[in-house]
Amino acid sequence: MHSEVVASRSTEPRTGTGSSPTIDAVSLAIIEQLQEDGRRPYAAIGKAVGLSEAAVRQRVQKLLDQGVMQIVAVTDPLTVGFRRQAMVGINVEGDLDPVAEALTAMAECEYVVMTAGSFDLMVEIVCEDDDHLLDVINKRIRTLPGVRSTESFVYLKLKKQTYMWGTR
């Protein structure tokens with residue numbers, strides 16, 4: 001397990017309305033420092049970006065409060081007993097919101113996004129094994145009111161996963 005900073009990503013849903021916080025070059029540099037090591041001391045970050053430890057602490061708190069970033073521990077699913085991951089494309093009849101909300105409430109659904117294109121929703125699922133994945137798709141997702149069809153894309157091997165959005 002290692003610590004990561006996820007920039008420009010919040011647990012709050014994005015609606016596409018409202019204004020985004022303005023992030024200056026110094027705040028971007030702080031985010032980049034934390035993306036390299038989420039446990040890096042504020043004093044070390046301050047030295048790298050030309051601010052005092054207190055100023056870095058204040059900026060980090062503001063970035064967290066604005067939902068610009070999160071500091072989280074990221075685990076490798078394989079090492080903690082989750083051996084099956086899949087992306088599931090879902091087509092829905094009618095309003096997407098109730099289906100998206102139901103998926104969001106499922107612990108196995110790590111990522112839920114409304115899309116344009118071949119699918120109405122895309123959901124990343126993390127499960128213990130194939131039986132668990134089958135149960136989630138067949139008994140929990142396909143039975144949701146409004147779900148018309150699903151298509152599953154089972155992960156065979158993860159080649160790249162980063163959280164460096166917004167700084168490079």
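At a glance:
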{"item": "Qualifying positions in the stretch 32-80 - within 30 Å of residue 156 (Cβ to Cβ) and open to solvent by 70 Å² or more (accessible area, probe 1.4 Å)", "result": "36, 76, 78, 79, 80"}
{"item": "Residues of the stretch 110-133 satisfying the condition of being out of contact with any helix residue (DSSP H, G or I) (no Cβ under 7 Å at 6 or more places or on another chain) and under 14 Å from residue 85 (Cβ atoms)", "result": "110, 111, 122, 124, 128, 129, 130, 132, 133"}
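The values are calculated or read from the model by the stated rules, or taken from the named source; none is laboratory data. Everything numeric here is computed off the predicted structure, so don't read it as measured data. For neighbour counting, all protein chains shown are included, and Cβ atoms are generated from backbone atoms with ideal geometry for every residue, glycine included. These accessible areas exclude ligands, DNA and RNA; they are computed on the full protein's heavy atoms, side chains included. Shrake-Rupley method; radii C 1.70, N 1.55, O 1.52, S 1.80 Å.
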